[in-house]
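Novice: Sharing a structure below in structure tokens format, with a few things to ask.
The values are calculated or read from the model by the stated rules, or taken from the named source; none is laboratory data. On a predicted model such as this, the values are computed, not experimentally measured, just so you know. Cβ placement follows ideal geometry from the backbone for every residue including glycine, while neighbour counts extend to all protein chains displayed.
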Amino acid sequence: MTDQNLMEKIVALCKRRGFIFPGSEIYGGMANSWDYGPLGVELKNNIKLAWWKRFVHLREDIVGLDAALIMNPKVWEASGHIANFQDPLVECKKCNGRFRADHIKEGVCPNCGEKGSFTGEQMFNLMFKTFIGPAEESANIAYFRPETAQAMFVDFKNVLDTSRKRLPFGIAQIGKAFRNEITPGNFIFRTREFEQMEIEYFIVPPKQDADWQGPFELWRKEILSWIKDDLGVDINKVHEHEIESTERAHYSKKTIDFEYEFPFGVSELYGLAYRTDFDLKNHEKSSGKDLKYRDPETNEECIPHVIEPTWGVDRSVLVILVDAYSEREGKVILKLKPKLAPYKAAVFPLLGNKPELTRLARKIYLDLKSDLMIAWDDRGNIGGRYASQDEIGTPFCITVDFQSLEDKKVTVRDRDSGKQERIGIDELKKYLKEKINGKN
Ligand code: ATP
């Protein structure tokens with residue numbers, strides 16, 4: 001399978017089975033916008049839940065936040081986004097296509113193939129502008145946030161005062177961000193509207209480099225462990241790329257991009273940056289409000305420094321799909337980690353037209369469904385139903401047959417090995433939960 005082929009197959013599978021649809025399709029679509037369908041929203045929610053559990057619920061030093069998307073425009077002046085959040089844009093003189101200069105390979109126009117025929121670079125700000133209220137005047141300009149991070153700085157004092165956390169501590173947020181990307185593309189990899197999961201981790205101002213390098217290293221390991229253990233993605237396809245000082249974002253003193261071997265090339269999955277005290281210092285200056293942390297024991301005041309790990313939700317979905325996609329005898333198997341799979345199991349009566357089988361199967365289905373996402377299917381032959389569930393990554397299929405009426409056991413079939421086991425109906429929920437929460 002070529003890489004191009006793989007992407008096409010994934011996009012087709014997503015459409016066919018209701019993971020991801022082209023946005024506004026009945027109106028001819030809307031370039032590079034995508035809608036998450038019934039299965040896609042489950043997969044995406046499972047990723048977000050796993051992240052929130054790992055980094056907020058299971059930790060004592062991180063609290064959550066869910067802030068407004070549109071903030072006071074002064075936020076973006078202070079953060080440097082209005083002045084600096086820009087990419088270099090070039091235009092092809094032949095086809096007038098516009099591209100991000102750093103995405104052009106060997107001077108060739110990605111649209112018409114013309115070589116070396118671009119205008120000079122022009123900086124293009126990626127912020128999405130809008131107007132607040134009925135008058136479209138410059139005084140009413142506002143911006144959709146290009147990152148979730150700034151709210152964690154703007155709300156820093158409120159969170160600190162109400163949660164009474166001590167340094168080091170973090171604020172976590174999951175939410176939409178908007179960027180007027182010059183060259184969106186590669187399915188959900190780069191879109192203009194996407195979701196982020198971010199943590200601003202506040203530390204005591206470092207006296208020496210080791211004081212920030214320590215927590216930076218801990219977060220580096222956390223990101224790798226999340227990819228391997230929570231997403232179940234092949235860590236050998238992940239590469240760390242330290243960004244040169246000239247290429248780093250305006251606020252960062254060190255940045256590592258975590259890149260993955262996507263079918264369209266090695267590209268950024270997540271990021272980790274040491275943002276110093278850049279943001280809090282600027283917000284304190286611009287707002288005129290005291291944003292200092294006061295140590296409860298020594299009463300000493302400081303502006304904390306920040307380590308920022310950042311995860312794209314949509315890129316998480318994509319990396320999981322790419323990594324989990326496999327084929328067995330020409331049929332698709334999506335080897336999703338059970339915890340992330342949209343359905344944890346599917347229940348089938350062996351035959352769809354036998355009321356005694358359907359009755360027992362419905363009872364099992366409804367009982368499991370009160371705790372887990374469970375699919376139901378009573379159409380066609382069992383082989384076809386297995387194949388249909390394999391394609392959407394359902395890890396277990398449960399078949400109720402005539403013997404089940406006698407021995408109160410069902411056949412549980414494992415997606416990846418194809419192995420079948422007879423399990424007592426009474427033990428089924430416990431069995432599934434152990435399998436789902438286990439290490440597989
Ligand atoms: P890139 O270099 O790919 O443009 P970036 O370095 O600008 O990305 P960050 O500002 O570090 O990205 O954003 C944090 C995370 O948000 C990224 O690691 C990525 O997972 C996600 N992300 C950024 N831009 C987009 C986008 N346009 N579409 C989807 N996800 C995105």
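Novice: Would you check if there is a residue in segment 287-300 being in the same structural domain as K237 (by TED's automatic domain parsing) and within 16 Å of the ligand (Cβ to nearest atom)?
Specialist: Within segment 287-300, the first condition is being in the same structural domain as K237 (by TED's automatic domain parsing), and the residues that meet it are 287-300.
From what is left, the residues that are within 16 Å of the ligand (Cβ to nearest atom) are none.
No: segment 287-300 contains no residue that is in the same structural domain as K237 (by TED's automatic domain parsing) and within 16 Å of the ligand (Cβ to nearest atom).
Novice: Next up: If the requirement is being among the charged types (D, E, K, R), more than 20 Å from P22 (Cα to Cα) and either surrounded by 21 or more Cβ atoms within 10 Å (Cβ to Cβ) or in contact (Cβ under 8 Å) with a residue 24 or more places away in the chain (or both), which of these qualifies: R166, R192, R179? Working first, answer last.
Specialist: On the way: R192 fails: more than 20 Å from P22 (Cα to Cα); R179 fails: more than 20 Å from P22 (Cα to Cα).
Among R166, R192, R179, only R166 is among the charged types (D, E, K, R), more than 20 Å from P22 (Cα to Cα) and either surrounded by 21 or more Cβ atoms within 10 Å (Cβ to Cβ) or in contact (Cβ under 8 Å) with a residue 24 or more places away in the chain (or both).
Novice: Just one of the numbered conditions (1) part of a loop (DSSP other than H, G, I, E, B); (2) at pLDDT 95 or above is not true of S388; which one?
Specialist: In the conditions (1) part of a loop (DSSP other than H, G, I, E, B); (2) at pLDDT 95 or above, S388 misses (1) alone.
Novice: Please tell me if E42 is over 17 Å from the mean Cα position of the chain (by Cα), of a type in the set (D, E) and at negative phi. Break it down stepwise before answering.
Specialist: On the way: over 17 Å from the mean Cα position of the chain (by Cα): no; of a type in the set (D, E): yes; at negative phi: yes.
When the stated conditions are applied, E42 does not pass them.
Novice: Working only within segment 117-166, note down all residues that are within 29 Å of D102 (Cβ to Cβ) and part of a loop (DSSP other than H, G, I, E, B).
Specialist: As a first pass, look at segment 117-166 and keep what is within 29 Å of D102 (Cβ to Cβ): 117-130, 141-153.
Correct list: S117, T119, G120, E121, L126, M127, R145, P146, E147, T148.
Novice: Here is a list: L280, L218, L269, L224. Which entry is surrounded by fewer than 15 Cβ atoms within 10 Å (Cβ to Cβ) and either touching a residue at least 12 places away in the same chain (Cβ under 8 Å) or out of contact with any strand residue (DSSP E or B) (no Cβ under 6 Å at 6 or more places or on another chain) (or both)? Before you say what the answer is, go through the steps one by one.
Specialist: Working: L280 fails: surrounded by fewer than 15 Cβ atoms within 10 Å (Cβ to Cβ); L269 fails: surrounded by fewer than 15 Cβ atoms within 10 Å (Cβ to Cβ); L224 fails: surrounded by fewer than 15 Cβ atoms within 10 Å (Cβ to Cβ).
Going through L280, L218, L269, L224 in turn, just one is surrounded by fewer than 15 Cβ atoms within 10 Å (Cβ to Cβ) and either touching a residue at least 12 places away in the same chain (Cβ under 8 Å) or out of contact with any strand residue (DSSP E or B) (no Cβ under 6 Å at 6 or more places or on another chain) (or both): L218.
Novice: If you check F194, F169, which single one turns out to be within 14 Å of the ligand (Cβ to nearest atom) and touching a strand residue (DSSP E or B) at 6+ places or on another chain (Cβ under 7 Å)?
Specialist: Working: F169 fails: within 14 Å of the ligand (Cβ to nearest atom).
Exactly one residue qualifies, and that residue is F194.
Novice: Look at T298 and say whether it is loosely packed, with under 15 Cβ neighbours inside 10 Å, hydroxyl-bearing (S, T, Y) and closer than 30 Å to L160 by Cα. Please lay out each step first, then the result.
Specialist: Details: loosely packed, with under 15 Cβ neighbours inside 10 Å: yes; hydroxyl-bearing (S, T, Y): yes; closer than 30 Å to L160 by Cα: yes.
Against the criterion (loosely packed, with under 15 Cβ neighbours inside 10 Å, hydroxyl-bearing (S, T, Y) and closer than 30 Å to L160 by Cα), T298 qualifies.
Novice: Among the residues of segment 96-116, write down those that are of a type in the set (A, V, I, L, M) and part of a loop (DSSP other than H, G, I, E, B).
Specialist: From segment 96-116, those of a type in the set (A, V, I, L, M) are 101, 104, 108; that's our starting set.
The answer is I104, and nothing else.
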